[in-house]
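Report on one structure; see the data block that follows.
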Protein chains: 2
Amino acid sequence: MKLNRIYSFLKTDIDQIEKELETAIESDSRLLNQASLHLLQAGGKRIRPVFVLLSAKFGEYDINSVKNAAVALELIHMASLVHDDVIDDAELRRGKPTIKSQWDNRIAMYTGDYIFARGLEYMTNIKNPEAHQILSHTIVELCKGEIAQIKDKYRCDQNLRDYLLRIKRKTALLIAVSCQLGAIASGAPEEVHRRLFRFGYHVGMSYQITDDILDLTASEEELGKPAGSDLWQGNITLPVLYAMEDPALRSEIERVSENTSAETMKKVIASILASDAIERSHRVSRMYLDKALEDLEYLPQNRVKKTLKNVANFIGKRKY
Amino acid sequence: MKLNRIYSFLKTDIDQIEKELETAIESDSRLLNQASLHLLQAGGKRIRPVFVLLSAKFGEYDINSVKNAAVALELIHMASLVHDDVIDDAELRRGKPTIKSQWDNRIAMYTGDYIFARGLEYMTNIKNPEAHQILSHTIVELCKGEIAQIKDKYRCDQNLRDYLLRIKRKTALLIAVSCQLGAIASGAPEEVHRRLFRFGYHVGMSYQITDDILDLTASEEELGKPAGSDLWQGNITLPVLYAMEDPALRSEIERVSENTSAETMKKVIASILASDAIERSHRVSRMYLDKALEDLEYLPQNRVKKTLKNVANFIGKRKY
């Protein structure tokens with residue numbers, strides 16, 4: 001089942017958001033337009049806008065208001081990817097050259113800044129001070145997560161806690177806040193938006209762990225970049241942490257650097273896949289997914305609850 | 001007369017903002033703390049906070065509320081400098097190594113992102129949706145200005161309009177908005193904050209033109225970086241545009257690139273100084289300053305009007 005089939009009843013609204021995203025990144029600079037459009041057209045699941053819209057269904061749903069939060073969150077996410085690629089020195093994202101590789105780091109920095117600023121501008125159409133406090137706090141955490149990622153690169157003595165805090169800041173909080181802000185923008189009760197925050201947080205953790213597993217298990221074609229790119233770039237993910245519990249594997253992994261050959265990387269990945277690291281990581285992802293599904297139990301009965309459940313299951317269990 | 005003598009009655013409040021800036025940039029990352037503190041301790045005139053506070057005197061002045069806007073604007077300004085140094089590949093700022101030169105471009109990108117995010121977080125303590133719309137719009141313009149600066153680097157066929165639009169976006173708007181938001185945060189009438197915006201815009205234009213003149217006329221010691229750095233980095237400023245009206249000087253300037261030797265740069269600068277370019281630029285700066293002083297006429301009589309006038313005169317006419 002495809003993700004967009006799950007929320008087909010939102011198609012008109014999602015299409016509107018896609019159009020709005022195109023409008024949002026337009027500017028009078030040709031270079032900036034090219035770089036931003038390149039990024040937009042590389043696609044993406046748009047799960048943050050989807051969560052904003054679904055969560056807004058718990059209040060007085062008005063697409064003309066809630067779309068501002070949906071566009072803002074996707075733009076902020078996109079901007080963070082552009083800066084992320086600079087940090088990771090990544091050549092490919094979703095099968096396309098990254099902005100920093102097609103242009104350069106400086107263009108990537110400013111394209112990210114611009115897209116981010118446009119996201120903020122959209123957000124200010126939501127006239128709720130609480131929403132802005134929540135979002136700005138999340139952006140600070142997002143930055144801290146990215147900085148931790150730089151600091152923790154190729155650092156093999158990090159532990160599970162370091163990893164979990166990092167993915168919380170890098171991924172889970174923005175998804176949590178997508179759910180929360182959708183609910184706040186539509187005036188849902190506090191009890192509901194707090195629960196949706198927890199739901200989004202748990203889904204986000206599960207999502208990132210699955211992403212980190214797929215980086216090792218999926219094919220280059222599915223990933224749109226070489227398998228094992230994370231480890232190659234020095235990002236020590238959950239399966240890698242588990243694999244390092246085996247001393248032989250640990251010493252293999254400790255030798256990985258950006259200068260490691262593609263051939264050696266393939267061997268290291270094969271060793272990780274042969275261990276129980278993937279299975280154990282799947283269990284952790286599944287645990288977060290279960291918590292997310294449990295959060296849904298506490299939400300008022302309505303027709304989107306089922307949809308949220310399906311989306312959560314999809315992104316927690318997706319194969320690529 | 002020193003700038004801080006002009007607004008000595010604000011000393012307690014300015015000191016509080018300085019302390020708050022130190023608190024604002026603290027994080028649990030040592031690297032980030034070092035980089036941010038390095039930037040903070042390099043100093044700066046803090047003119048944006050000063051304008052926020054002075055403008056707030058036109059309403060119900062409450063330092064505990066208005067300080068949030070003052071801190072936010074200085075942090076956003078600081079963040080833009082950090083990214084600016086990446087774009088300009090600048091080694092020195094205010095006599096100290098830039099973050100990108102002491103660490104690297106990636107650290108500079110994220111330090112900028114973090115400081116910016118912290119600025120936003122402070123700003124959300126101002127519970128006025130209009131203030132956020134104004135600020136987010138200004139940030140978008142700031143980004144456009146920086147992108148134009150990249151595009152216009154070493155481009156000798158640009159005109160006065162390109163230059164004025166660029167410095168409006170890069171500098172003047174944020175100063176204009178500092179004045180406006182100070183007034184909004186203290187609940188001053190719309191008529192007042194609109195006029196303060198115009199005042200700040202005119203001061204900002206005058207300020208940047210003076211800055212661009214000083215880059216050529218001041219000594220390396222006064223500037224904290226080599227004289228003529230702007231031109232060397234490809235930033236075509238007002239005096240350079242005027243100098244290029246002379247065909248011989250134009251061909252000298254057209255040959256400047258990042259590979260030009262320090263010796264050749266000195267000759268080019270001497271030629272510019274020997275032309276009427278500096279004098280003509282001073283006249284434009286003075287014209288903006290006069291407009292700023294005229295804006296003050298329309299503001300209600302109070303004791304800070306005189307201070308605003310003195311600050312405007314100071315920063316429009318400063319020698320370095």
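The values are calculated or read from the model by the stated rules, or taken from the named source; none is laboratory data. As the structure is a computational prediction, the values presented were derived from the model and not from experiment. Cβ sites come from the backbone with ideal geometry, for glycine too, and all protein chains shown count toward neighbours.
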For the structure I just gave you, tell me whether B:Ser178 is modelled with pLDDT of 95 or more, away from chain A (no Cβ under 12 Å) and in contact with a Ser or Thr (Cβ under 7 Å, 6 or more places away or on another chain). no
Take the residues in segment A:19-33 that are closer than 16 Å to B:Cys143 by Cβ and in a helix (DSSP H, G or I), then tell me which one is modelled with the highest pLDDT. A:Ala24
How many of the residues making up segment A:79-114 are more than 9 Å from chain B (Cβ to nearest Cβ), more than 17 Å from A:Gln149 (Cβ to Cβ) and crowded, with 24+ Cβ neighbours inside 10 Å? 1
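Per-residue answers, yes or no, for (1) in a helix (DSSP H, G or I); (2) of a type outside the set (A, V, I, L, M); (3) more than 27 Å from A:Leu142 (Cα to Cα); (4) without any contact (Cβ under 8 Å) to a residue 40 or more places away in the chain:
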| position | (1), (2), (3), (4) |
| --- | --- |
| B:Asp13 | yes, yes, yes, no |
| B:Leu40 | yes, no, no, yes |
| B:Leu54 | yes, no, yes, no |
| B:Asn68 | yes, yes, no, no |
| B:Val71 | yes, no, no, no |
| B:Asp84 | yes, yes, no, no |
| B:Lys100 | yes, yes, no, yes |
| B:Arg106 | yes, yes, no, yes |
Please enumerate the residues belonging to segment A:86-98 that are at negative phi and either of a type in the set (Gly, Ala, Ser) or free of Cβ contacts under 8 Å to residues at least 60 places away in the same chain (or both). A:Val86, A:Ala90, A:Pro97, A:Thr98
Scope segment A:115-136; condition surrounded by fewer than 17 Cβ atoms within 10 Å (Cβ to Cβ) and either in contact with a Ser or Thr (Cβ under 6 Å, 6 or more places away or on another chain) or facing chain B (nearest Cβ under 7 Å) (or both); matching residues: A:Lys127, A:Pro129, A:Gln133
Can you pull out the residues in segment A:55-66 that are surrounded by fewer than 24 Cβ atoms within 10 Å (Cβ to Cβ), out of contact with any His (no Cβ under 9 Å at 6 or more places or on another chain) and away from every other protein chain (no Cβ under 14 Å)? A:Lys57, A:Glu60, A:Tyr61, A:Asp62, A:Ile63, A:Asn64
Which pairs do you get when a residue that is over 19 Å from B:Glu294 (Cα atoms), found in segment B:200-217, comes within reach of a residue that is among the aromatic types (Phe, Trp, Tyr) and not in a helix (DSSP H, G or I), reach meaning Cβ atoms under 9 angstrom, with the pair 6+ apart or on two chains? B:Leu214/B:Tyr320; B:Thr217/B:Tyr320
The residue that is farthest from B:Leu54 (Cα to Cα), considering only those in segment B:199-235 that are within 16 Å of the chain's Cα centre (by Cα) and of a type in the set (D, E, K, R), is B:Asp230
Within the group A:Ser229, A:Ser281, which residue is of a type in the set (Gly, Ala, Ser), surrounded by 15 or more Cβ atoms within 10 Å (Cβ to Cβ), in contact with a Leu (Cβ under 9 Å, 6 or more places away or on another chain) and at pLDDT 95 or above? A:Ser281
Matching residues in segment A:34-49 - criterion: being of a type outside the set (D, E, K, R), touching a helix residue (DSSP H, G or I) at 6+ places or on another chain (Cβ under 8 Å) and modelled with pLDDT under 95: A:Ala35, A:Ser36, A:Leu37, A:His38, A:Leu39, A:Leu40, A:Gly44, A:Ile47
Does B:Leu160 satisfy being more than 9 Å from every other protein chain (Cβ to nearest Cβ), in contact (Cβ under 8 Å) with a residue 24 or more places away in the chain and surrounded by fewer than 16 Cβ atoms within 10 Å (Cβ to Cβ)? yes
Subset of segment B:137-147 [of a type in the set (Asp, Glu) and within 8 Å of chain A (Cβ to nearest Cβ)]: B:Glu146
Is there a residue in segment B:78-92 that is touching a Pro at 6+ places or on another chain (Cβ under 9 Å), among the acidic types (Asp, Glu) and at pLDDT below 85? yes
Filter pass, B:Gly44 being out of contact with any Ser or Thr (no Cβ under 7 Å at 6 or more places or on another chain) and not in a helix (DSSP H, G or I): yes
If we ask which residues in segment B:25-36 are surrounded by 14 or more Cβ atoms within 10 Å (Cβ to Cβ) and more than 10 Å from chain A (Cβ to nearest Cβ), their number turns out to be 4
Please tell me if B:Ile150 is assigned to a helix (DSSP H, G or I), within 9 Å of chain A (Cβ to nearest Cβ) and either in contact with a helix residue (DSSP H, G or I) (Cβ under 7 Å, 6 or more places away or on another chain) or within 23 Å of B:Arg194 (Cα to Cα) (or both). yes
Return yes or no: is A:Leu75 surrounded by 20 or more Cβ atoms within 10 Å (Cβ to Cβ), over 30 Å from B:Lys151 (Cα atoms) and at pLDDT 95 or above? no
Residues of segment B:284-320 that turn out to be polar (S, T, N, Q) and within 17 Å of B:Ile167 (Cα to Cα), as a count: 1
Selection status of B:Ser178, closer than 13 Å to B:Leu238 by Cβ and crowded, with 24+ Cβ neighbours inside 10 Å: no
